[in-house]
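K.L.:
Once you've had a glance at the structure underneath, I'll fire off some questions.
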Amino acid sequence: MFQNLGEILMLLGATLGSLPRAWQDRRKIAEQLFDIGNASLFMACTLSLFIGGVLALQTGPLLAERGLGSSLGGLVALGLCKELAPVMMAVLIAGRIGSAMAAELGSMRVYQEIDALRTLNINPIRYLVVPRVIAISIALPCLVIFANLVGWLGGALVAGLNDRIGVSWSSYFGNLRQVVEVSDIANGLIKSFVFAIVIGVVSCHQGLTTIGGPRGIGRSVTKAVVNSIVLILVLDYVLTRLLLPLDKGWRF
Amino acid sequence: MTSRPPNGIPVSIRSLRKSFGQQPVLKGLEFEIRSGEIFVLMGPSGSGKSVFLRHLIGLESPDSGEIRIGGELATSEGVGDRFRLAMVFQSGGLLNSLSVAENVGLMLSELRLKPPAEIDRIVADRLALVKLGPEVADKYPNELSGGMRKRVAIARALVADPQLILFDEPTSELDPLVALTIGREILNLNRRTGATTVVVTHDRDLAFGIADRIAFLLEGNIIALGSPAEIRAAQHPLIQEFLAADFQTPESAAMG
Ligand SMILES: Nc1ncnc2c1ncn2[C@@H]1O[C@H](COP(=O)(O)OP(=O)(O)OP(=O)(O)O)[C@@H](O)[C@H]1O
Ligand SMILES: [Mg+2]
């Protein structure tokens, strides 16, 4: 599945190598950012509202039965900001944006647009890959912050409205503020930044190496999404382990 | 040939071999393309013409043998900086996400070679050269006909003031009149700029109309190379067949 991990790492290296000149491409990056926001903001909102809600729904009754309802806010919030928001937003972006990038670069490859760029002495990595990877790695952490807020709200709504839970708004957010630390949020943001680079580089690599006409584009899109998601979930474990020391961070 | 400006660069091809997997495509090509000439490469479909062109511009690298452009290896990094090379792809190769003007000016704007006002001027100039008016500048490639796309691709290639320009099937998919115009344009450009011009085609009229020399590629080998007159006189049965091929309906055959 990852025979081309070496190639992907090389593409990552070449992308990082072109970073110093990326400021010149700020207009292209802004365009990409706009596209990403446009394509994913509404979905991210819906998704995180329901994830927060279902977290509260799964854990709330258990805690309330044992008289621990007051710690629901912190539980939902931590689950969201350290784990579910980064992973779910990354999966969403892989499906929504990674696939589109693979399809776009794939069709450019198949219809010789990439070859044409090279004959014009334009480096396709700098022209196509760098702005996309930068845009996605700005967009995903922003989406995660947004998803945290919406998800916390979703949890609070369910906690307050479900009569088997019945945790008040103020108790929920009071506990949340007591439990959640800046380091917990940073933890999720660091993860999402890494996921974003994975999605960007894997999808662009898949697109650039597309062969075999329109069917090849379809194959590239599938591979880009599946490989990104697998890598995200594997790296999620690794990063969680690496970031454990961060847990003794500062409070709000 | 004497009337052309001396801008072109020569190309030399030495024992060029290339296979894809088990399939040998180029089997030891060996010839020179002279500075400033129009060199036409003919041959049946699948004989390796496009693969050969892609080697010239560095998009493929040979399995063995070498190509030298103005003395530099075609695969070396610097060749694109040292010489101005351009290629017009079989399908045009225009970027569909960019307008015609952006496509034509892409190299200048992306590599920051000229200020924007100057780029606009150059773009308009090159579009005019291929007989496209300012009204197409803001269109997108998918809003153009096949012939217009090809002309935009030529305009884009001309922006670099190339010393070596490659055309892959410049007249395929075009009606005979537009094909004629494109042929004339290639000829005019060559006379005006003196760029070494390599044209791949199976359009006999185009080949014999513009070529200084013609090479005939068959199954990865050059089976004939010479002036149009020499190719016409070539004894190789396949070339004779290729040049004589025509629709033969029973009626026309009967009429002789
Ligand atoms: N990237 C590639 N991978 C594998 N085989 C290839 C590749 N490119 C070309 N070929 C093979 O090389 C042979 C020559 O192809 P090429 O495109 O050069 O033909 P051509 O002479 O340009 O034909 P046409 O006139 O139809 O354009 C074909 O058999 C083709 O299948
Ligand atoms: Mg071809």
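K.L.:
For residues that are open to solvent by less than 40 Å² (accessible area, probe 1.4 Å) and within 7 Å of another protein chain (Cβ to nearest Cβ), tally how many sit in the range A:113-127.
P.N.:
Number of matching residues: 7.
K.L.:
Same structure again: For the range B:130-240, which helices (runs of 4 or more DSSP H) that fit wholly inside it have 1 or more residues that are assigned by TED's automatic domain parsing to the domain that holds B:L106? Spell out how you get there, then give the answer.
P.N.:
On the way: elements: B:146-158, B:176-193, B:204-210, B:228-232.
The qualifying helices (runs of 4 or more DSSP H) are B:146-158.
K.L.:
Just one of B:L95, B:L132, B:L108 is within 14 Å of another protein chain (Cβ to nearest Cβ), of a type in the set (A, V, I, L, M), crowded, with 18+ Cβ neighbours inside 10 Å and touching a Lys or Arg at 6+ places or on another chain (Cβ under 7 Å); which is it? Working first, answer last.
P.N.:
Values: B:L95 fails: touching a Lys or Arg at 6+ places or on another chain (Cβ under 7 Å); B:L132 fails: within 14 Å of another protein chain (Cβ to nearest Cβ).
Result: B:L108 is the single residue among B:L95, B:L132, B:L108 that is within 14 Å of another protein chain (Cβ to nearest Cβ), of a type in the set (A, V, I, L, M), crowded, with 18+ Cβ neighbours inside 10 Å and touching a Lys or Arg at 6+ places or on another chain (Cβ under 7 Å).
K.L.:
Here's a follow-up. Exactly one of these conditions fails for A:A102: (1) among the hydrophobic types (A, V, I, L, M, F, W, C); (2) closer than 28 Å to B:L56 by Cβ; (3) in contact with a Ser or Thr (Cβ under 6 Å, 6 or more places away or on another chain). Give me its number.
P.N.:
In the conditions (1) among the hydrophobic types (A, V, I, L, M, F, W, C); (2) closer than 28 Å to B:L56 by Cβ; (3) in contact with a Ser or Thr (Cβ under 6 Å, 6 or more places away or on another chain), A:A102 misses (2) alone.
K.L.:
Also, quick follow-up: Report the residue count in the range A:195-212 for those that are touching a helix residue (DSSP H, G or I) at 6+ places or on another chain (Cβ under 6 Å) and surrounded by fewer than 22 Cβ atoms within 10 Å (Cβ to Cβ).
P.N.:
Initial filter on the range A:195-212 (touching a helix residue (DSSP H, G or I) at 6+ places or on another chain (Cβ under 6 Å)): A:195-208, A:210.
Now narrow it down to the ones that are surrounded by fewer than 22 Cβ atoms within 10 Å (Cβ to Cβ): A:197, A:208.
Here the count works out to 2.
K.L.:
In the range B:38-86, what count of residues is obtained for those that are away from ligand 1 (no atom under 13 Å from the Cβ) and within 14 Å of chain A (Cβ to nearest Cβ)?
P.N.:
So the count comes out to 16.
K.L.:
Still on this structure, please answer the following. Does B:G183 satisfy the criteria of being away from chain A (no Cβ under 14 Å), in contact with a helix residue (DSSP H, G or I) (Cβ under 9 Å, 6 or more places away or on another chain) and open to solvent by less than 10 Å² (accessible area, probe 1.4 Å)? Talk me through it step by step, then tell me what you get.
P.N.:
Values: away from chain A (no Cβ under 14 Å): yes; in contact with a helix residue (DSSP H, G or I) (Cβ under 9 Å, 6 or more places away or on another chain): yes; open to solvent by less than 10 Å² (accessible area, probe 1.4 Å): yes.
Yes; evaluated as a whole, the condition is true for this residue.
K.L.:
So how many residues does the range B:23-37 have that are more than 10 Å from ligand 1 (Cβ to nearest atom), touching a residue at least 60 places away in the same chain (Cβ under 8 Å) and either part of a loop (DSSP other than H, G, I, E, B) or not β-branched (V, I, T) (or both)? Give the steps one after another, and end with the answer.
P.N.:
In the first step, residues of the range B:23-37 are kept if they are more than 10 Å from ligand 1 (Cβ to nearest atom); the result is B:27-37.
Then drop every residue that is not touching a residue at least 60 places away in the same chain (Cβ under 8 Å), which leaves B:27-31, B:33-37.
Retained after the next criterion (residues that are either part of a loop (DSSP other than H, G, I, E, B) or not β-branched (V, I, T) (or both)): B:27-31, B:34-37.
Residues in the range B:23-37 being more than 10 Å from ligand 1 (Cβ to nearest atom), touching a residue at least 60 places away in the same chain (Cβ under 8 Å) and either part of a loop (DSSP other than H, G, I, E, B) or not β-branched (V, I, T) (or both): 9 in total.
K.L.:
Still on this structure, please answer the following. What pairs can you find where one residue is in the range A:61-73 and over 17 Å from A:L161 (Cα atoms), the other is acidic (D, E) and surrounded by fewer than 17 Cβ atoms within 10 Å (Cβ to Cβ), and their Cβ atoms are less than 9 Å apart, with a gap of 6+ or different chains?
P.N.:
Matching pairs, first to second residue: none at all.
K.L.:
Identify the single condition in (1) free of Cβ contacts under 8 Å to residues at least 12 places away in the same chain; (2) open to solvent by 70 Å² or more (accessible area, probe 1.4 Å); (3) closer than 22 Å to A:G188 by Cβ that A:L41 does not satisfy, given that it satisfies every other one.
P.N.:
(1)
K.L.:
Here is a follow-up. Every residue in the range A:143-173 that is in a helix (DSSP H, G or I) and either at pLDDT 95 or above or of a type in the set (A, V, I, L, M) (or both), please.
P.N.:
Keep residues of the range A:143-173 that are in a helix (DSSP H, G or I), which gives A:143-161, A:169-173.
Scanning the range A:143-173 gives A:L143, A:V144, A:I145, A:A147, A:L149, A:V150, A:L153, A:A156, A:L157, A:V158, A:A159, A:L161.
The values are calculated or read from the model by the stated rules, or taken from the named source; none is laboratory data. If you're wondering where the values come from, they're calculated on a predicted model, not measured in any experiment. Here the Cβ is made from the backbone with ideal geometry for all residues, glycine too, and neighbour counts use every protein chain on show. Note: accessible area is taken over every heavy atom of the protein model, side chains too, but ligands, DNA and RNA are not part of it. Shrake-Rupley method; radii C 1.70, N 1.55, O 1.52, S 1.80 Å.
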